[in-house]
Amino acid sequence: MRAGALASPSAPVPCPAGKPEAESAITVYERGGEHAEAPRAEAVRFAALIEGDGLGRLGAAAVRARGADLPEAAGILDSLRQSFENRRG
């Protein structure tokens, strides 16, 4: 995987114990500016998988990733968002 890329999306794995750590990571990466946008996007993806949802969060993260010139990350976040939408029906 190239630098700045996200891991592939996968099925949700609800794990409430991991949610506080994921939220903390997102907060820390938000303070890092543009240089921290790729790990922030990955933290959002991970948090969404833990939650088993996160539609609004994923959309906003995809927009931020595009703004940081991370089209691959944005595509992965959009794909995960679409997957959640499809599950909702």
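What follows is calculated from the coordinates using simple rules that are stated; it is not laboratory data. None of the values given here were measured: they were computed from a predicted structure. When we count neighbours, we look across all protein chains shown, and the Cβ atoms used for this are built from the backbone with ideal geometry, even at glycine.
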| query | Farthest toward the dipole's positive end in segment 21-89, which of A43, S79, A65, given Cβ charges of +1 (Lys, Arg) and -1 (Asp, Glu) about the Cα centre? | reply | S79
| request: Please report, in Å, the Rg and the Dmax of segment 11-80, where both are computed over Cα atoms only. | output: 11.2, 32
| Stretchable slack from V63 to E23, in nm (0.36 nm times residue separation minus alpha-carbon distance) | 12.5 nm
| task | Sticking with the crude label model, points 7 Å out along Cα→Cβ, report the distance from E72 to R87 in nm, one decimal please. | result | 2.5
| request: Mind checking the full-extension length gain between H35 and L55? Use 0.36 nm per residue of separation minus the Cα-Cα distance, one decimal, nm. | output: 4.8 nm
